[in-house]
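Undergrad: Dropping a structure here in structure tokens format, bear with me for questions.
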Amino acid sequence: MSEPLIWGFSYKAWSAGLTADTEYGRFEDGMPPNKNGDFAFLLHLLASMKTTGSGAVILPHGVLFRGNSEAELRERILKRSYVKGIIGLPANLFYGTDIPASILVLDKSEARSRHL
């Protein structure tokens with residue numbers, strides 16, 4: 001029997017088995033770092049949404065501040081005006097993690113009108 005698939009904050013093996021055939025246009029804005037899957041989940045949600053869609057994703061609070069490739073991805077997402085709101089959550093709210101989290105509320109329907 002194989003190991004169960006367990007995903008969580010900063011999942012490190014998010015790209016295991018990923019090939020050009022399985023990217024499905026999710027990473028047109030850039031590839032998330034291999035060490036953290038947080039932006040991979042965010043980009044997957046954005047790529048899965050219709051142009052009029054909205055959604056939300058719970059991620060560790062660190063996605064709001066990390067540098068390098070995550071900073072570049074965050075800047076591209078913000079410039080496209082996909083983020084409608086951010087809700088900060090306290091530490092110890094979710095079982096098994098003692099770090100603060102954030103809910104990123106995403107909306108593609110008004111992105112063009114919010115675009116600067």
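Quick note: the coordinates plus some simple rules give every number you see, no bench work behind them. Keep in mind that this is a model prediction, so the values were computed, not measured. Glycine also receives a Cβ, built like all others from the backbone with ideal geometry; neighbour counts cover every protein chain displayed.
Undergrad: Over region 27-114, what number does the Rg to Rh ratio reach, with both radii from the alpha-carbon atoms and Rh per Kirkwood?
TA: 0.96
Undergrad: While we're looking at this one, here's another question. Towards the positive end of the charge dipole of region 54-107, with charges on Cβ (+1 Lys, Arg; -1 Asp, Glu), say which of LEU59, ILE99, LEU73 has the farthest Cα.
TA: After comparing all options, I get LEU73.
Undergrad: Report the number of Lys pairs in region 27-114 whose alpha-carbons are under 23 Å apart, with separation of 8 or more residues or on distinct chains. Spell out each step's value before the answer.
TA: Details: LYS50/LYS79; LYS50/LYS84; LYS50/LYS108; LYS79/LYS108; LYS84/LYS108.
Lysine pair count for region 27-114: 5.
Undergrad: Let me ask something else about it. If the only charges are +1 at each Lys and Arg Cβ and -1 at each Asp and Glu Cβ, what is the size of the charge dipole of region 28-82 around the Cα centre, to the nearest 20 debye? Kindly include the intermediate steps, with their values, before the conclusion.
TA: Working: 7 positive and 6 negative charges, 22 e Å.
Using Cβ point charges on Lys, Arg, Asp and Glu, region 28-82 gives about 100 debye.
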